[in-house]
Every structure is written in C-alpha cells, then in structure tokens.
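Reading through the structure tokens given below for one structure.
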Amino acid sequence: MGYDVHITRRENWWDEEGQDISRAEWQAVVAADSGLAMAPLWWTAGRIVSKNPSDAVIATMCQLAKVLDARVQGDDGEYYDA
C-alpha cells in the first residue's frame, strides 16, 4: 500500500464528475519535455498519478499541473502548491 498524489482538474481527484485530463494531452506534455521521467507518473481515469512521490516529484507535478490547467492533490484531499 502507498500514498498517491494526483494531478487533476476535478474538485477532488476521486469525484466521478468533472473535467478529465485526456491521454492525448498527457502524451503531448511528455513529448514536449525531454527531461520528464515517465517512471513515477502515469495517466489513469482522466488524471496523472504518482505513488509515494518525493518532494522533487511533487514539485515537478505542480509545474505540470500549471501546464495542464490542473492542480495537485493528495489521497487525503490536501492540495500542493509549487
């Protein structure tokens, strides 16, 4: 078991309603950033997820969230800012 952190456009990452981040959008962001490591981040169900991310990965997620017009939220509902 681990702790996930999510990049989402929804009010809460677990909400079933709200705007998704499309797989195509995610792939375009990855293609545009040659330094982006895919290993700790994956797309699923309209959001980007990392399991047990380090502070550095969370900082990267916050930067990506700005590009995607989204925000970063932990499993317990807390939001992260860059």
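The values are calculated or read from the model by the stated rules, or taken from the named source; none is laboratory data. Note that the structure is a prediction, hence the values are computed from the model and not measured. Every residue, glycine among them, receives a Cβ derived from its backbone with ideal geometry; neighbour counts consider all protein chains shown.
Taking only the range 1-54 into account, find how many residues are acidic (Asp, Glu), touching a Lys or Arg at 6+ places or on another chain (Cβ under 9 Å) and modelled with pLDDT under 95. Steps first, answer last, please.
Going through the range 1-54, the residues acidic (Asp, Glu) turn out to be 4, 11, 15-17, 20, 25, 33.
In the following step, the residues that additionally are touching a Lys or Arg at 6+ places or on another chain (Cβ under 9 Å) were identified as 4, 16-17, 20.
Subsequent filtering for residues that are modelled with pLDDT under 95 retains 16-17.
Number satisfying all stated conditions: 2.
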Kindly establish whether residue 70 is touching a residue at least 60 places away in the same chain (Cβ under 8 Å), surrounded by 15 or more Cβ atoms within 10 Å (Cβ to Cβ), in contact with a strand residue (DSSP E or B) (Cβ under 9 Å, 6 or more places away or on another chain) and at negative phi. yes
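Go through the range 73-82 and give me each residue that's at negative phi and surrounded by fewer than 20 Cβ atoms within 10 Å (Cβ to Cβ). Please lay out each step first, then the result.
Of all residues in the range 73-82, those at negative phi come to 73-76, 78-82.
Hits for the range 73-82 are 74, 75, 76, 78, 79, 80, 81, 82.
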Among residues of the range 24-45 being of a type in the set (Phe, Trp, Tyr) and surrounded by 13 or more Cβ atoms within 10 Å (Cβ to Cβ), the residue farthest from the chain's Cα centre (by Cα) is 26
Checked 21, 48, 58 against criteria (touching a helix residue (DSSP H, G or I) at 6+ places or on another chain (Cβ under 7 Å), surrounded by 11 or more Cβ atoms within 10 Å (Cβ to Cβ) and in contact (Cβ under 8 Å) with a residue 12 or more places away in the chain); the one match is 48
Counting only residues that are of a type in the set (S, T, N, Q) and in contact with a strand residue (DSSP E or B) (Cβ under 7 Å, 6 or more places away or on another chain), the range 24-67 contains a total of 1
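Taking the range 33-63, which residues are under 23 Å from residue 17 (Cβ atoms) and in contact with a Leu (Cβ under 8 Å, 6 or more places away or on another chain)? Walk me through how you get there before you give the answer.
First, pick out the residues of the range 33-63 that are under 23 Å from residue 17 (Cβ atoms): 42-49, 61.
Those that are under 23 Å from residue 17 (Cβ atoms) and in contact with a Leu (Cβ under 8 Å, 6 or more places away or on another chain): 48, 49, 61.
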